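The values are calculated or read from the model by the stated rules, or taken from the named source; none is laboratory data. Owing to the predicted nature of the structure, the values given are computational and were not obtained by experimental measurement. Glycine also receives a Cβ, built like all others from the backbone with ideal geometry; neighbour counts cover every protein chain displayed. Heavy atoms of the whole protein, side chains included, go into the accessibility calculation; ligands, DNA and RNA do not. Shrake-Rupley method; radii C 1.70, N 1.55, O 1.52, S 1.80 Å.
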Amino acid sequence: MERNKKDRLIQMLQNELNAGNVYIDEPLSRRTTFRIGGKASVLVVCENEEQLRSVLHICDNEAVRWFLLGNGSNVLVADEGYDGVIIKLSGDFCNVRLIEEINEGTALFVAGAGMMLTQLSLFALKKGFTGLEFAHGIPGTVGGAVFMNAGAYGGEIKQTIYTVKAMKPDGSIVTYSGDELGMGYRKSRFTESDEIVLEASFRLKVYHRIVIRALMEGYKKARIAKQPLDVPSAGSTFKRPEGAYAGALIEQVGLKGYAVGGAAVSKKHAGFVVNNGNATCADVLTLVNHICKTVKEQTGYELEPEIRLVK
C-alpha cells in the first residue's frame, strides 16, 4: 500500500476506533494457530456494530480490501502478509445471553460472533443445554463456526442454529433463519459472500448436566489422544473425501511424517499438517500440493484443502 494512502487510512481508523485497537504492520503469525504469515498493513479490533460499520465504510471509500479474521484457527497467511485491513471482533461480539427461558424442554440464546466455541459449550453446560458438546475444544469462534459449519464427532453447528444476524459490506443488517443458511459440509451461504456474521441464536434441549459434562470430557480426551495439539497447526488440513478419510489416505501412501522445510505431516495424525517451528507458508503449500498429487496418483481420491489461504 502506498505510504500516503496508508497514513491517511490509519488516521481515519484511529479517529473511529480507540487508538489501542488499531495495529500497524501487525505480524499475522501472532494471530493464527499455525503461527505462520507475514504482516497485515493494518489490523483493527471492532467492539460493536457501529465500529464495524465505520471500518467497512472507510475501506470502501479508500478502495482498501479487508478480511475478517476469527481466532485464526483455519487459515494460512501468505509469507508476504496481507496488504489491506484485517478485522477482528471483540467487545459486544463476545457476549452470550438467553432470549427465551426454558420452554417445552428447550431454550433459546444468542452468542456473539467473536465468542470462542469452547466458551459457548461451557455456557451450555452450565445452563444444562445439550447439543454443543462436540464444540468443546474446537479452537474457533462462533462466527467462524457458522461460516464453515464447524463440526466434530457427528455434530455440526447447523443442527442447533436458529437464526444468524449478519452485516453486509454496505453496513446494512440482515437476519437469516437456519433454513436460509445453505449449510453443508464445511460451507454456508457466508463462504460464498462478503457478509459478516455478527451473532447467532441457538435452540438447545434441556438435559442432565452430568451427561453433558461426560460427553464433553470424552471428546476432549479423544482430541488429546488423537490430535497433535502440542504443535502449531490450522486443525484438520483437508476436507473429508466421500467414502474415505484424508488422514488414512495420506498414511496409506506413506506420507505420515513427510516434511517440507518446517512444515510436516503429523506423525500423530496424518490429517494434520503442522508447523515444526520455522515453517513458512511456501513450505505448507508445497507440502499440501505434494500430498494431493501423491494421494490422487496412488488412490484416485482428490483431496481438497479445508484451510483458507489469506494473501
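If you go through the range 32-48 one residue at a time, how many are closer than 13 Å to G72 by Cβ and small (G, A, S)? Before you say what the answer is, go through the steps one by one.
At the first step, the residues of the range 32-48 found to be closer than 13 Å to G72 by Cβ are 32-37, 40, 43.
Next cut, small (G, A, S) only: 37, 40.
Final tally of qualifying residues: 2.
Tell me, please, whether a residue that is out of contact with any Phe, Trp or Tyr (no Cβ under 7 Å at 6 or more places or on another chain), under 27 Å from F134 (Cα atoms), open to solvent by less than 40 Å² (accessible area, probe 1.4 Å) and not in a helix (DSSP H, G or I) can be found in the range 237-254. Yes, the range 237-254 contains a residue that is out of contact with any Phe, Trp or Tyr (no Cβ under 7 Å at 6 or more places or on another chain), under 27 Å from F134 (Cα atoms), open to solvent by less than 40 Å² (accessible area, probe 1.4 Å) and not in a helix (DSSP H, G or I). How about the range 37-50: which of its residues are touching a strand residue (DSSP E or B) at 6+ places or on another chain (Cβ under 7 Å) and within 19 Å of T141 (Cα to Cα)? Of everything in the range 37-50, those that are touching a strand residue (DSSP E or B) at 6+ places or on another chain (Cβ under 7 Å) and within 19 Å of T141 (Cα to Cα) turn out to be L43, V44, V45, C46, E49.
Residues of the range 288-306 being surrounded by 22 or more Cβ atoms within 10 Å (Cβ to Cβ) and under 21 Å from V231 (Cα atoms), which ones? Break it down into steps so the answer makes sense when it comes.
Going through the range 288-306, the residues surrounded by 22 or more Cβ atoms within 10 Å (Cβ to Cβ) turn out to be 291, 295, 303.
Answer for the range 288-306, where residues must be surrounded by 22 or more Cβ atoms within 10 Å (Cβ to Cβ) and under 21 Å from V231 (Cα atoms): just I291.
Every condition in (1) closer than 22 Å to N71 by Cα; (2) touching a residue at least 60 places away in the same chain (Cβ under 8 Å) holds for L303 except the one numbered (1). Checked against the criterion of being basic (K, R), open to solvent by 40 Å² or more (accessible area, probe 1.4 Å) and outside any helix (DSSP H, G or I), the range 38-49 has at least one qualifying residue.
When only residues in the range 1-37 that are farther than 17 Å from L309 by Cα and among the small types (G, A, S) count, which is most open to solvent (accessible area, probe 1.4 Å)?
Taking the range 1-37 as the starting set, the residues that turn out to be farther than 17 Å from L309 by Cα are 1-26.
Now narrow it down to the ones that are among the small types (G, A, S): 19-20.
Values: A19: 69, G20: 53 Å².
Restricting to residues being farther than 17 Å from L309 by Cα and among the small types (G, A, S), the top hit is A19.
Only residues that are assigned to a strand (DSSP E or B), aliphatic (A, V, I, L, M) and open to solvent by less than 30 Å² (accessible area, probe 1.4 Å): list them for the range 78-125, please.
Quick first cut of the range 78-125, residues assigned to a strand (DSSP E or B) only: 82-89, 96-103, 106-112, 116.
Those left that are additionally aliphatic (A, V, I, L, M): 85-87, 89, 96, 98-99, 102, 107-108, 110-111, 116.
Those that are assigned to a strand (DSSP E or B), aliphatic (A, V, I, L, M) and open to solvent by less than 30 Å² (accessible area, probe 1.4 Å): V85, I86, I87, L89, A107, L108, V110, A111.
Results for (1) under 29 Å from P27 (Cβ atoms); (2) at pLDDT below 95; (3) not aromatic (F, W, Y), shown as yes or no for each residue.
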| site | (1), (2), (3) |
| --- | --- |
| K220 | no, yes, yes |
| A244 | no, no, yes |
| G262 | yes, no, yes |
| K267 | yes, no, yes |
| T280 | yes, no, yes |
| P305 | yes, no, yes |
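Among the conditions (1) open to solvent by 70 Å² or more (accessible area, probe 1.4 Å); (2) in a helix (DSSP H, G or I), A63 misses just one, which is (2). When residues of the range 89-146 are filtered for being under 27 Å from R31 (Cβ atoms), among the hydrophobic types (A, V, I, L, M, F, W, C) and in contact with a Lys or Arg (Cβ under 7 Å, 6 or more places away or on another chain), how many remain? So the count comes out to 1. Out of L9, L43, one residue alone is among the aliphatic types (A, V, I, L, M) and under 26 Å from V284 (Cβ atoms). It is L43.
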